[in-house]
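Visitor: My questions all concern the structure below.
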Amino acid sequence: MLPTEQQSTVARLDQPSTYFKPSRDAHQDRKRQKQDSEKDKADLLKEATTLYVGNLSFYTTEEQIHELFSKCGEIKRLVMGLDRFNKTPCGFCFVEYYTHEDALDSMKYIGGTKLDERIIRTDLDPGFKEGRQYGRGPTGGQVRDYYREDYDPGRGGYGGKEQQEHTRDVSM
């Protein structure tokens, strides 16, 4: 019988987020194989100093985020996620620290806590690049908000798809 490897009950903090996919241009895509191993993704995050913060209320301010996240270290930069078309907050941000340890501390102590009555999510990020501050959903916000069917006052009411259907029903 082969010895089995023990699994930890505590998840590692420096694992890649489920949304993270390293970006490459088309030329690099053709040169490389299409599959990326988890090890490659994890290597990009070994010294990451940036956090992706999600599940924020649309009404949470930069000042509130800065006040909360500065408790774990000095913040180098904070970038609010914006609706691509309206340029209004859409529920996420990037917080960049000066050190990797501060980013890990922030994940450990702040991730999963409440801010504006919402449980926030934190993930290590390989670093902010211009353009990532905009929502990628069809209506300009986040994709998850477009498909959300429930009413959530902290995230602008009904999801984008529900709002479009409601508008179509009212206009008929």
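Visitor: Count neighbours as other Cβ atoms within 10 Å of each site's Cβ, and list the chymotrypsin sites (Phe, Trp or Tyr not before Pro) in the range 64-137 that are DSSP loop with at most 13 such neighbours. Please list the in-between numbers first.
Guide: On the way: sites: 69, 85, 92, 94, 97, 98, 109, 128, 134; in loops: 85, 98, 128.
When the chymotrypsin sites (Phe, Trp or Tyr not before Pro) of the range 64-137 are filtered for loop state and at most 13 Cβ neighbours within 10 Å, 85, 98 remain.
Visitor: Going by average Cβ neighbours within 10 Å, how do the peptides 53-60, 40-47, 112-119 rank, with the highest at the top? Kindly include the intermediate steps, with their values, before the conclusion.
Guide: Values: 53-60: 19.8, 40-47: 14.0, 112-119: 12.2.
Output ranking for 53-60, 40-47, 112-119: 53-60, 40-47, 112-119.
Visitor: Give me the mean projected area, in nm² to one decimal, of the convex hull enclosing the Cα positions of the range 67-117.
Guide: 4.0 nm²
Visitor: Mind checking the full-extension length gain between residue 63 and residue 109? Use 0.36 nm per residue of separation minus the Cα-Cα distance, one decimal, nm. Working shown, then result.
Guide: Working: separation 46, 0.36 × 46 = 16.56 nm, distance 1.88 nm.
Here the segment from residue 63 to residue 109 would lengthen by 14.7 nm.
Visitor: Mind checking the per residue accessible area of the range 39-135 for me, 1.4 Å probe, whole number of Å²? Walk me through the numbers on the way to the answer.
Guide: Details: 5010 Å² over 97 residues.
Value for the range 39-135: 52 Å² per residue.
Visitor: What three numbers, in Å, describe the spread of the alpha carbons of the range 39-135 along their principal axes, ordered from the longest?
Guide: Reported extents, whole Å, longest axis first: 36, 26, 22.
Visitor: Next up: May I ask you to list the residues of the range 40-81 whose amide nitrogen lies under 14 Å from a point 7 Å from Cα along the Cα→beta-carbon direction of residue 121?
Guide: 52-57
Visitor: Follow-up question, since we're still on this one. Report for the range 39-135 the percent antiparallel among DSSP-assigned beta bridges with both residues inside it, nearest 5.
Guide: On the way: 17 of 18 bridges.
Within the range 39-135, antiparallel bridges account for around 95 percent of the total.
The values are calculated or read from the model by the stated rules, or taken from the named source; none is laboratory data. Everything quoted here is computed from the prediction, not taken from an experiment. Glycine gets a Cβ as well: all are built from the backbone with ideal geometry, and neighbour counts include every protein chain shown. Keep in mind that these areas ignore ligands, DNA and RNA; they rest on the heavy atoms of the full protein, side chains included. Shrake-Rupley method; radii C 1.70, N 1.55, O 1.52, S 1.80 Å.
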